1. In segment 200-232, which residue that is out of contact with any Leu (no Cβ under 9 Å at 6 or more places or on another chain), among the hydrophobic types (A, V, I, L, M, F, W, C) and crowded, with 18+ Cβ neighbours inside 10 Å is modelled with the highest pLDDT?
2. So W269 fits all but one of (1) over 30 Å from E353 (Cβ atoms); (2) free of Cβ contacts under 8 Å to residues at least 40 places away in the same chain; (3) part of a helix (DSSP H, G or I); (4) of a type in the set (A, V, I, L, M, F, W, C); what number is the exception?
3. Give the residue that is nearest to the chain's Cα centre (by Cα), with candidates limited to residues of segment 326-343 that are open to solvent by 10 Å² or more (accessible area, probe 1.4 Å) and under 12 Å from S372 (Cα atoms).
4. How many residues does segment 45-72 contain that are under 19 Å from the mean Cα position of the chain (by Cα) and open to solvent by 60 Å² or more (accessible area, probe 1.4 Å)?
5. Restricting to segment 344-370, give me the number of residues that are among the small types (G, A, S) and surrounded by fewer than 20 Cβ atoms within 10 Å (Cβ to Cβ).
6. Considering segment 304-321 alone, what residues qualify as being closer than 19 Å to F93 by Cβ and either aromatic (F, W, Y) or touching a Lys or Arg at 6+ places or on another chain (Cβ under 7 Å) (or both)?
7. Can you find a residue in segment 235-242 that is buried (at least 20 other Cβ atoms within 10 Å of the Cβ), assigned to a helix (DSSP H, G or I) and in contact (Cβ under 8 Å) with a residue 12 or more places away in the chain?
8. Out of everything in segment 31-44 that is acidic (D, E) and touching a residue at least 40 places away in the same chain (Cβ under 8 Å), what residue ends up being most open to solvent (accessible area, probe 1.4 Å)?
Amino acid sequence: MDFIETPEQSLLRDTLRKFLDKELPRERARELDLKAEYSPETFRKLCDLGVAGLMVPEEYGGTGIDVLSAIIVIEELAKRGTSLAGPFTHCAFYGAMNIVEHGTEAQKREFLPKFARGELLFAYGLSEPDVGGDLASASVTATLSPDGKTVTINGTKRWCTGARIADYIYTLVRSGSKDARYENLSIVLVPTDAANLKIVDIDHIGLRYSATTDAIFDGVQVPAENIVGGMQAWNRGWGMLAGRGLDVERLEITASTFGIACAAVEDAWRYSQERKQFGRPICAHQSVRHMLAEARTRLAACRHMLYHAAWLAGQGQDCSVESSMAKLFVADTAVEIVLTCQRVMGAYGCAREYDMERYVRDIVCMPIVGGSSNMQKNNIANRLGLPAK
């Protein structure tokens, strides 16, 4: 299947490109990256375009769920860095998608209209200091009060990117015995201003739209209404992690990866025509031509992988294999693409006055975040029935 954009999707791309040129010029994007910040004002203007409603059903104030168009939004935003792509993901995917998939009707009525307007952000509280990909080993504990009205949470979550800008942490907790790993997990929404919650920054090299943090829960109490899916979902959180939402989550991080790689190729392509060495533009030298031709070819392959999986997700079809393949292939290939483009630019590809050095810092994180490349290989092999013994 060769994905062909609808006229509406092409208009969406054009609108976003014009928006970025006006509201987030390159110099401003570099400034935000240096400070590890995003601009709430610019994000508000972005949401005024209606894009935050792309993952919200119409009955809750959205435009209807449109996975492909939401992926296009992330791709275009990521070309200008992650200062808008990141918060959009926290709104439309971490937030709206999870509440649509797993929230109670009351939670949908409360949260989804706010997501559709871009007024709410979620951060993920999934990993822990000793828990990375093996989320079923989560050890942050949650205990129900005897009257069933309050949940008390203790422990530490790690790599909670965006916890400082989010309104809630979508927190995976151990709500029962560790013996039945997959049966005793739940997900609880914890307000980031909750008493006894401490947020500690972790300095990091890429994806600097917000600090990545530890979230330390020291007897944090929230009402039982904050259990995602309600009391009937208590101890049933694993299904919320391993279902369709996880497939689509792989696609949003892959869209960011692809957008960064696209920007790197465009910058190197343009630079190669402007930069002259030995009396002619460097694009006239065969070594440079071959590097750029290969980068373009790999980029086209990445696009096919991403949009095929996104099309399947948008059609409501099982895309667990395809989304893992896209995450694996695009993440690893994009690193090669961006490093090639940096070499085309030579020393200037390492200078902060050019965006290429940011592309490199961001792209090297992508085979790790959102499920590492090795995890995707395991997913693919398992889903395709390859025996492990």
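The values are calculated or read from the model by the stated rules, or taken from the named source; none is laboratory data. Quantities reported herein were computed from a predicted structural model and do not represent experimental measurements. Heads up, the Cβs are rebuilt from the backbone with ideal geometry, glycines too, and the neighbour counts pull from every protein chain shown. Accessible surface is based on the protein model in full, side chains and every heavy atom, while ligands, DNA and RNA are left aside. Shrake-Rupley method; radii C 1.70, N 1.55, O 1.52, S 1.80 Å.
1. Result: L207.
2. It fails just one condition, (1).
3. L328
4. Selection size over segment 45-72: 1.
5. So the count comes out to 3.
6. Once the filter is applied, which keeps residues that are closer than 19 Å to F93 by Cβ and either aromatic (F, W, Y) or touching a Lys or Arg at 6+ places or on another chain (Cβ under 7 Å) (or both), segment 304-321 yields Y307, W311, S320.
7. Within segment 235-242, one or more residues are buried (at least 20 other Cβ atoms within 10 Å of the Cβ), assigned to a helix (DSSP H, G or I) and in contact (Cβ under 8 Å) with a residue 12 or more places away in the chain.
8. Selected residue: E37.
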